[in-house]
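What follows is one structure encoded as structure tokens, with my remarks underneath.
The values are calculated or read from the model by the stated rules, or taken from the named source; none is laboratory data. None of the values given here were measured: they were computed from a predicted structure. Here the Cβ positions follow ideal geometry from the backbone for every residue, glycine too, while neighbour counts run over all protein chains shown.
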Amino acid sequence: MLFVGLGNPGSTYEMTRHNIGYRVIERLVSDLGAKKLSKTSFHGRLFRHGTLLFLQPTTFMNLSGKSVAAVKQFFKIDRADIVVIHDDIDLPFGAVRFKRGGGSGGHNGLKSIDEVIGREYIRVRIGVGKPEYSTQVSEYVLHPFTPEEEQAVEKLVAYVTQVCQKIPTSPLEQIKSLYSVKNISALPH
């Protein structure tokens, strides 16, 4: 199974809303002690723990599909065994949802992946809140969380990391019913 955390490479983007997928992958790699695999043709940072692969595309968000496709092809991974973790402005801050397939919702990373491998992969949607105006979306997702939100983000990343570890051995419907949360205050303590 391949877990992909969406984000943009470089310290400029490290703590932005758009990079919450990267942060989950970093936590998974750390918690599981996954080992780095290096191959420039992957266009990303790839780690392995047993049969699980963890990817942070380094192509920038709009070309995430290039990295996902390279790893998918090299390891002969079925699309159904790909889990993409990403920010979602259509969900309240701290909400977590799970689904297979669907549209991109305007998310350029998902659009890129959909174009090269199709849509039928698992999505872990993490709510990052929404800007007041639709014209502010790109500025909003490329800015860091507020200091108040950042305190909650650590808890959110830890929660999503724990749930992701259950995905390989649990049916998606069970994951959806047991672990979806409506907002940050609904996270278990």
Query raised in the report: What pairs can you find where one residue is in the stretch 19-31 and farther than 15 Å from K166 by Cα and aromatic (F, W, Y), the other is buried (at least 24 other Cβ atoms within 10 Å of the Cβ) and at pLDDT 95 or above, and their Cβ atoms are less than 8 Å apart, with a gap of 6+ or different chains?
Result: Y22/G5; Y22/L6; Y22/G7; Y22/Q56
Query - Among (1) without any contact (Cβ under 8 Å) to a residue 24 or more places away in the chain; (2) part of a strand (DSSP E or B); (3) within 22 Å of E149 (Cβ to Cβ) - the single one S11 does not satisfy - result: (2)
Requested in this report: Answer yes or no: is there a residue in the stretch 55-63 that is of a type in the set (A, V, I, L, M, F, W, C) and on the phi > 0 side of the Ramachandran plot.
Outcome: yes
Query raised in the report: For the stretch 129-179, how many residues are in a helix (DSSP H, G or I) and within 23 Å of L28 (Cα to Cα)?
Result: 28
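Could you please find all residues in the stretch 102-118 being within 24 Å of S177 (Cα to Cα) and modelled with pLDDT of 95 or more? Please lay out each step first, then the result.
Just the residues of the stretch 102-118 that are within 24 Å of S177 (Cα to Cα), to begin with: 102-105, 110.
Result: L110, single match.
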Requested in this report: Evaluate the following for S104: is it under 14 Å from the mean Cα position of the chain (by Cα) and part of a loop (DSSP other than H, G, I, E, B)?
Outcome: yes
Query raised in the report: Does any residue in the stretch 160-182 that is in contact (Cβ under 8 Å) with a residue 60 or more places away in the chain come within less than 7 Å, Cβ to Cβ, of a residue that is assigned to a loop (DSSP other than H, G, I, E, B) and exposed (fewer than 13 other Cβ atoms within 10 Å of the Cβ) six or more places away or on a different chain, and which pairs are these?
Result: I175/K166
